[in-house]
1. When you scan the stretch 61-93, how many residues do you find that are of a type in the set (Val, Ile, Thr) and over 16 Å from the mean Cα position of the chain (by Cα)?
2. Output the residues belonging to the stretch 115-152 that are among the charged types (D, E, K, R), part of a helix (DSSP H, G or I) and over 10 Å from the mean Cα position of the chain (by Cα).
3. Test GLY44 against the stated conditions and say whether it is exposed (fewer than 10 other Cβ atoms within 10 Å of the Cβ), in a helix (DSSP H, G or I) and at pLDDT 95 or above.
4. Does PHE68 meet the test of being touching an Asp or Glu at 6+ places or on another chain (Cβ under 9 Å), free of Cβ contacts under 8 Å to residues at least 60 places away in the same chain and either part of a loop (DSSP other than H, G, I, E, B) or among the aromatic types (Phe, Trp, Tyr) (or both)?
5. Please go through the stretch 60-88 and give me each residue that is among the acidic types (Asp, Glu) and surrounded by fewer than 17 Cβ atoms within 10 Å (Cβ to Cβ), ordered by number.
6. I'd like the full set of residues that are outside any helix (DSSP H, G or I), surrounded by 15 or more Cβ atoms within 10 Å (Cβ to Cβ) and among the small types (Gly, Ala, Ser), limited to the stretch 26-41.
7. What are the pairs, 6+ residues apart or on separate chains, where a residue within the stretch 81-97 that is closer than 21 Å to VAL57 by Cβ has its Cβ under 6 Å from a residue that is surrounded by fewer than 16 Cβ atoms within 10 Å (Cβ to Cβ) and modelled with pLDDT under 95?
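The values are calculated or read from the model by the stated rules, or taken from the named source; none is laboratory data. Note that this is a predicted model, so its numbers are computed, not measured. Cβ atoms come from the backbone with ideal geometry, glycine included; neighbour counts cover every protein chain shown.
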Amino acid sequence: MTESQPKDTPQSSAKKPTSKRPARRAGGGAPSGRRRAREAAVQGLYQWLLTGDDAGVIDAHIREQDEFSKADAVHFDALLHGCITLAAALDAVLAKHVDRKTTELSPIEHAILMVGSYELAHCLDIPYKVAINESVELAKSFGGTDGHKYVNGVLDRAAAELRSAEVQAMQNTRSTPRS
């Protein structure tokens with residue numbers, strides 16, 4: 001996070017985060033169900049981080065939103081409830097890779113980092129590069145200026161810890177000369 005990046009405070013962040021730009025897939029199409037699930041989970045985690053509301057209340061509120069019908073509900077459940085249930089463990093992983101206490105992170109970047117670290121640790125069907133890239137895209141949509149760079153750096157370091165074999169295999173592939 002850079003100095004020019006505003007820190008969210010409960011007073012200035014009373015509204016739920018809204019995307020600054022529509023999320024698009026690499027091919028230019030509509031966002032996937034998983035992307036929408038991540039967006040909804042970030043919004044729910046943001047609310048939870050600011051208010052401490054019950055996960056069930058947050059879940060119900062998010063599901064009432066018009067766009068939720070296009071989200072992958074199973075992935076949303078895993079992300080929202082998994083991140084809330086495992087918040088202390090996720091923060092312990094993040095604490096090794098951030099430059100301040102996780103409680104001092106902006107709530108939106110904290111929520112995005114929780115989603116990214118949850119996917120790295122628990123969604124092994126998602127390649128680590130995809131988990132990182134999806135979090136970076138969330139930070140571009142919802143986070144502060146240059147927040148996506150911070151998210152990328154933190155999750156890249158977390159991936160080396162959480163997915164060491166996959167990261168090593170990717171590095172070995174890049175360093176192998178091709179004929």
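1. 2
2. Matches in the stretch 115-152: LYS129, LYS140, LYS149.
3. It is false that GLY44 is exposed (fewer than 10 other Cβ atoms within 10 Å of the Cβ), in a helix (DSSP H, G or I) and at pLDDT 95 or above.
4. For PHE68, the condition - touching an Asp or Glu at 6+ places or on another chain (Cβ under 9 Å), free of Cβ contacts under 8 Å to residues at least 60 places away in the same chain and either part of a loop (DSSP other than H, G, I, E, B) or among the aromatic types (Phe, Trp, Tyr) (or both) - is not met.
5. Across the stretch 60-88, the qualifying residues are GLU64, ASP66, GLU67, ASP77.
6. SER32
7. Correct list of pairs: empty, since none qualify.
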